[in-house]
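Please read through the structure below; I'll follow up with questions.
What follows draws every value from the coordinates through simple rules; no lab data is involved. Computed from a predicted model, the values in this text were never measured in an experiment. Neighbour counts run over all protein chains shown; Cβ positions are idealised from the backbone, glycine included.
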Amino acid sequence: MIAPILTGKLVRLDVLNAEEDLEQWAGWFRNGEFQRLLDDTPAALYTPAQIKEWLEKAPAGYTIFGIRTLCDDRLIGFVELSGFRWSARSAWVGIGIGLREFWGGGYGTEAMRLVCKYAFETVNLNRINLNVFEYNERAYRSYVKCGFKEEGRSRQAMLRDGKRWDVIYMGLLREEWQAVD
């Protein structure tokens, strides 16, 4: 049985199954828009074996969950906690919804809320950080709904589609999350 802390109304967070899930995850990287929203590096194709190798080399404490729909148990994305600073009780969070039909439907917002709950209640963090690209307005709005506050910008730090964009840094403190939750 999945712990209730990892289950919402639309999605649940679960471990990735290397035998079944990596093929689907590799498929998400065939979508240039997914990569454009996820990372600032040039688009690249990854095989399931490359993703598995990357996960196996992840630093100690790196935590990643698959995002699955409750209605049909479909893997639609992932959410991760990394870059832990235990002395400060802080970490970075990242999320990717790999299937376009689930963009803008509240699935990512709910998954982010679940991982925040996990981070604050189970891992006992005090702070979660993330960054978002200025052109990813949908993600920015989602993070604000979850309680994240804009803390700074690296102005014109990215070049995409022939235009310069800011990288926005956001943070969420335990006390702010408790006020939103």
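Scan segment 1-64 for chymotrypsin sites (Phe, Trp or Tyr not before Pro) in coil per DSSP, keeping those whose Cβ has at most 15 other Cβ atoms within 10 Å, and list them by number. Can you show the working numbers first?
On the way: sites: Trp25, Trp28, Phe29, Phe34, Tyr46, Trp54, Tyr62; in loops: Phe29, Tyr46, Tyr62.
For chymotrypsin sites (Phe, Trp or Tyr not before Pro) across segment 1-64 that sit outside H, G, I, E and B with at most 15 neighbouring Cβ atoms in 10 Å, the list reads Tyr62.
Can you list the HN-Hα couplings for segment 66-76, worked out from phi with the Karplus curve (6.51, -1.76, 1.60; θ = phi - 60°), rounded to whole Hz and with x for Gly and Pro?
x, 9, 10, 6, 6, 5, 9, 6, 7, 6, 10
Gain in length, Asn131 to Trp92, computed as 0.36 nm per residue apart minus the alpha-carbon separation, to one decimal in nm? Walk me through the numbers on the way to the answer.
Details: separation 39, 0.36 × 39 = 14.04 nm, distance 0.87 nm.
Going from the current span to full extension adds 13.2 nm.
If I model a spin label as a point 7 Å beyond the Cα along the Cα-Cβ vector, how far apart are those points for Glu20 and Ile64 in nm?
Each label point is offset 7 Å from its Cα along the Cβ direction, giving 1.8 nm.
How far apart, in nm, are two points set 7 Å out from the Cα along the Cα-to-Cβ line at Lys57 and at Asn31?
Computed distance between label sites Lys57 and Asn31 equals 2.6 nm.
Could you list Met158, Met170, Met112 in order of exposure, starting from the residue whose Cβ has the fewest other Cβ atoms within 10 Å? Walk me through the intermediate numbers first.
On the way: Met158 14, Met170 21, Met112 25.
Going from least to most buried by this count: Met158, Met170, Met112.
Starting from the Cα of Lys163, draw a straight line to each of the lysines and keep only those under 18 Å, dropping any in the same chain fewer than 8 residues away.
Cα-Cα hits under 18 Å: none found.
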